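One structure is given here, and the rest of the page talks about it.
The values are calculated or read from the model by the stated rules, or taken from the named source; none is laboratory data. Keep in mind that this is a model prediction, so the values were computed, not measured. For neighbour counting, all protein chains shown are included, and Cβ atoms are generated from backbone atoms with ideal geometry for every residue, glycine included.
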2 protein chains.
Amino acid sequence: MIAEIVCVGTELLMGQILNTNAQFMAEKLAPLGVDLYRQQVVGDNPRRLTEAVLTALERSDVVLFSGGLGPTEDDLTKETVAAAMGLELVFHPAEWERIEERFRGFGRKPAPNNKKQAMFPAAHCTILPNPRGTAPGCLLEKDGKAAVLMPGPPRELRPMFTDYVMPYLEKRSGHRLYTHMLRIFGKGESDVEFELKDLFDSQSNPTLATYCETGEVKLRITAQAGTDAEGEALLSPVIREVERRFGDVVYSENDEELAAVCHRLLLEKGATLSCAESCTGGLLSSAFVDMGGSSAYFVEGDVTYANEAKMASLGVKAETLDAFTAVSRECAEEMAAGMRRKAGTDYALATTGYAGPDGDEVGLVFVALASAEGVAVKELHLTGDRNRIRRLAVLHALDLLRRKLCTSR
Amino acid sequence: MIAEIVCVGTELLMGQILNTNAQFMAEKLAPLGVDLYRQQVVGDNPRRLTEAVLTALERSDVVLFSGGLGPTEDDLTKETVAAAMGLELVFHPAEWERIEERFRGFGRKPAPNNKKQAMFPAAHCTILPNPRGTAPGCLLEKDGKAAVLMPGPPRELRPMFTDYVMPYLEKRSGHRLYTHMLRIFGKGESDVEFELKDLFDSQSNPTLATYCETGEVKLRITAQAGTDAEGEALLSPVIREVERRFGDVVYSENDEELAAVCHRLLLEKGATLSCAESCTGGLLSSAFVDMGGSSAYFVEGDVTYANEAKMASLGVKAETLDAFTAVSRECAEEMAAGMRRKAGTDYALATTGYAGPDGDEVGLVFVALASAEGVAVKELHLTGDRNRIRRLAVLHALDLLRRKLCTSR
């Protein structure tokens, strides 16, 4: 089954918006047994949109559209695709009621031009609900071709794609693919590939593929199988073998982020946390506060950027700063211990380092973890620009905590 | 002049890499007077790549390619485009010497297959240097059509595009465009368009266009002119008129972000800052620490997520929390005042609110600014998910500071 992605919108075409929808959908297609051969971006121009729709429907079995479902005159995707497939749009009163209800939920009233959003073909059409916005999506099927129309805003497209489109594609492709995404922190992509070369080369079911993220490697293991149990039976020995070779640098089997793993472990253990940050400047605390429910364990974070703040808030000693500077093992240790004491938490993380852009020692960072057993400090030599160094420092601090939580009772 | 962007690479097509090159190039074309009608992404497949190249060269004057210039068999862009234009590739010894030299600079030796990267047409070809990588780009011109071939890695493509391709496009289009990007906080996109309707409708040079970002509106004003002075003379009266109507909700004429404006004003005034955060959880501090040089004014940030931390670190009174809860005007006021006192800074910002996902009052947020003149508090009713509420709260806090810094001596 051949698929094509067509993203519609002048703002996207002109680069005012980054096209994250195409990537979001594209990376989910291969595991569904769908071949993606092309992506297109076109603006809200009727002639060129029509041309793109006709070309895509001609050469692909399924065309995934994003954007152009809004109420304005510029929003043309549904009208254009329906016309290209020879389908007429008619007003759906039940859908209109749903739209009115959604507007009430937002404390607003629909305008007359919103009626356009309740227009769909009378047949060959499945309406796809959009709980996050006012524009429903739809799936049009005719003569063996399918067009899936989804709204442009990623927060509306993503759940619609995951909840409705992926199950449809899986069913239609006849493939059943089972996948685990292992996440690895502390080993580079080339090392991962080198140390698993025999598995990469010999395996046809399951298959392995690596992906890079800032400071991390993701390893996707995908099996084709008839049932869930068969899929797991194929995946499980490979996952076990990777974990046997790599040990605890594998921190998730299910694509869970490092911060989410820490979040889950802290909640499970009923432990509390505080953070003292210098170079990461709030990013570390924010990684926890990002997640709903973090108030159960996250007590306090201190961004002690100036030396005075390190002394006054965390009790870092003036002699320590004089003798070793603020970017030192000793300072990181006192920051973590001081934070833990002050906030009265089970664990306290600390970061201090040179994030640049200027200075001789850019990339030198210390991360520390204080617990009832004392303080552990890790010295890092990171590379990249200011924000990459800060992000990597956050990951290393999270990893320190993750390892501690995994081994403590 | 009509342009098209063709990004080549299976990793890009399959969503293993986010396509930032297309956006980077696309947003620079309109101000150069170049019309961009289409973007395509294709994999490293010879047949489909050939088809994409032929289609693009047929319908567009300039085709901008990224990717596929590497040394491996998968890298086919140059071979395919040259063949489509009827150009034969020949070995360029001078270019090969340059590649060997570049490898020496990286402390490596080129492999035999790198010779492919020194193959270019003998005529109709301008080689574009790539100081950041081993694959030179090239510009092929024949029969009124141009193909620009650039490497895929963004850090190699970006300088090549800016240094060589943009001057070429500007010269070829014969347009000179001048642009100002105004940034607006505190007015929605539809209000901006409504209140400037006469300007939008009547202007052909300069033209106006709005763009949305989280919580903000950007207004681009673009003039076509022969010289810098002429361009400014056309832009200036329109900018003045927008500012006259909108007053201080316009916070930048040059696409400067809110945090960057605060950063600049704090440095100019030699003033110091601290932040006390609850719901924003480190994002506000991080907005400052993000910027190199912030250590000159940013003293300390406290993420006082728990009530105990608000009391112990900031001196928020237990009675205040009992009587008004942590999400209240009173608590925000005490947080800001307590932070300023503790850190000894000229200004202190505070945030407290319900970011969700659960609860009856999700979106209720207070931001406060303490200064020598006392504490100002603003009550906000924000909508969206947890992270949108937190981001909007940060913007409101920044705006409170920006307004204060603009009016203080």
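Right, A:F91: within 13 Å of chain B (Cβ to nearest Cβ) and of a type in the set (F, W, Y) or not? Even if it seems obvious, please write down each step before you answer.
Numbers: within 13 Å of chain B (Cβ to nearest Cβ): no; of a type in the set (F, W, Y): yes.
For A:F91, the condition - within 13 Å of chain B (Cβ to nearest Cβ) and of a type in the set (F, W, Y) - is not met.
What pairs come up if the first residue lies in the stretch A:283-298 and is closer than 19 Å to B:C275 by Cβ and in contact (Cβ under 8 Å) with a residue 40 or more places away in the chain, the second is acidic (D, E) and part of a loop (DSSP other than H, G, I, E, B), and their beta carbons are under 9 Å apart, counting only those six or more places apart or on different chains?
A:L283/B:D290; A:A287/A:E257
Given the residues B:R108, B:R155, B:R132, which is the only one that is assigned to a helix (DSSP H, G or I) and in the same structural domain as B:G68 (by TED's automatic domain parsing)?
Working: B:R108 fails: assigned to a helix (DSSP H, G or I); B:R132 fails: assigned to a helix (DSSP H, G or I).
When all the criteria are applied, what remains is B:R155.
Please state which of the following conditions A:A271 fails to meet, knowing it meets all the rest: (1) outside any loop (DSSP other than H, G, I, E, B); (2) modelled with pLDDT of 95 or more.
Result: A:A271 passes all but (1).
Go through the stretch A:289-307 and give me each residue that's more than 7 Å from chain B (Cβ to nearest Cβ), under 19 Å from B:A326 (Cβ atoms) and assigned to a helix (DSSP H, G or I).
Across the stretch A:289-307, the qualifying residues are A:S294, A:A296.
Within the stretch B:308-365, how many residues are polar (S, T, N, Q) and part of a loop (DSSP other than H, G, I, E, B)? Talk me through it step by step, then tell me what you get.
Restricting attention to the stretch B:308-365, the residues satisfying the condition of being polar (S, T, N, Q) are B:313, B:320, B:325, B:328, B:345, B:351-352.
The next check asks that each one be part of a loop (DSSP other than H, G, I, E, B); those that pass are B:325, B:328, B:345.
The qualifying residues number 3.
Is there a residue being hydrophobic (A, V, I, L, M, F, W, C) and surrounded by fewer than 22 Cβ atoms within 10 Å (Cβ to Cβ) anywhere in the stretch B:2-13? Spell out how you get there, then give the answer.
First pass over the stretch B:2-13, keeping only residues hydrophobic (A, V, I, L, M, F, W, C): B:2-3, B:5-8, B:12-13.
Narrowing the set further to residues that are surrounded by fewer than 22 Cβ atoms within 10 Å (Cβ to Cβ) leaves B:2.
Yes, some residue in the stretch B:2-13 is hydrophobic (A, V, I, L, M, F, W, C) and surrounded by fewer than 22 Cβ atoms within 10 Å (Cβ to Cβ).
I need the full set of residues from the stretch B:308-347 which are more than 12 Å from chain A (Cβ to nearest Cβ), within 33 Å of the chain's Cα centre (by Cα) and over 26 Å from B:D360 (Cβ atoms), in order please.
Correct list: B:R340, B:D346, B:Y347.
Can you tell me which residue is surrounded by the fewest Cβ atoms within 10 Å (Cβ to Cβ) among those in the stretch B:115-174 that are small (G, A, S) and at positive phi?
Residues of the stretch B:115-174 small (G, A, S): B:118, B:122-123, B:133, B:135, B:137, B:144, B:146-147, B:152, B:173-174.
This time we only want the ones that are at positive phi, so: B:144, B:174.
Details: B:G144: 6, B:G174: 8.
Restricting to residues being small (G, A, S) and at positive phi, the top hit is B:G144.
Which residue, of A:V303, A:V299, A:V316, A:V362, is of a type in the set (V, I, T) and more than 19 Å from B:L314 (Cα to Cα)? First the steps, then the outcome.
On the way: A:V303 fails: more than 19 Å from B:L314 (Cα to Cα); A:V299 fails: more than 19 Å from B:L314 (Cα to Cα); A:V316 fails: more than 19 Å from B:L314 (Cα to Cα).
Among A:V303, A:V299, A:V316, A:V362, only A:V362 is of a type in the set (V, I, T) and more than 19 Å from B:L314 (Cα to Cα).
Restricting attention to strands (runs of 3 or more DSSP E) lying wholly within the stretch B:12-103, give those where 1 or more residues are over 18 Å from B:P129 (Cα atoms) and at pLDDT 90 or above. Let's see the steps before the verdict.
On the way: elements: B:35-42, B:62-66, B:89-91.
Of the strands (runs of 3 or more DSSP E) lying wholly inside the stretch B:12-103, those with at least 1 residues that are over 18 Å from B:P129 (Cα atoms) and at pLDDT 90 or above span B:35-42, B:62-66.
Search the stretch A:386-408 for residues that are outside any helix (DSSP H, G or I) and pair each with any residue that is of a type in the set (K, R) when their beta-carbon atoms are under 8 Å apart and the residues are at least 6 apart or on different chains.
Every condition considered, the pairs that remain are A:S408/A:K269.
State yes or no: is B:V261 within 14 Å of chain A (Cβ to nearest Cβ), of a type in the set (A, V, I, L, M, F, W, C) and surrounded by 17 or more Cβ atoms within 10 Å (Cβ to Cβ)?
Values: within 14 Å of chain A (Cβ to nearest Cβ): no; of a type in the set (A, V, I, L, M, F, W, C): yes; surrounded by 17 or more Cβ atoms within 10 Å (Cβ to Cβ): yes.
Judged against the criteria, B:V261 is not a match.
Is there a residue being among the β-branched types (V, I, T) and within 13 Å of another protein chain (Cβ to nearest Cβ) anywhere in the stretch B:58-66?
Taking the stretch B:58-66 as the starting set, the residues that turn out to be among the β-branched types (V, I, T) are B:62-63.
Filter again for within 13 Å of another protein chain (Cβ to nearest Cβ), leaving none.
Among the residues of the stretch B:58-66, not one is among the β-branched types (V, I, T) and within 13 Å of another protein chain (Cβ to nearest Cβ), which makes the answer no.
Applying the selection to the stretch B:15-42, what residues are in contact with a strand residue (DSSP E or B) (Cβ under 7 Å, 6 or more places away or on another chain) and surrounded by fewer than 20 Cβ atoms within 10 Å (Cβ to Cβ)?
Applying the first criterion (in contact with a strand residue (DSSP E or B) (Cβ under 7 Å, 6 or more places away or on another chain)) to the stretch B:15-42 yields B:16, B:19, B:21-22, B:25-26, B:29, B:31-42.
Across the stretch B:15-42, the qualifying residues are B:Q16, B:P31, B:G33, B:D35, B:Y37.
Which numbered condition trips up B:D302, out of (1) in contact with an Asp or Glu (Cβ under 7 Å, 6 or more places away or on another chain); (2) closer than 23 Å to A:D358 by Cα; (3) acidic (D, E)?
Only one criterion in (1) in contact with an Asp or Glu (Cβ under 7 Å, 6 or more places away or on another chain); (2) closer than 23 Å to A:D358 by Cα; (3) acidic (D, E) is unmet by B:D302, namely (2).
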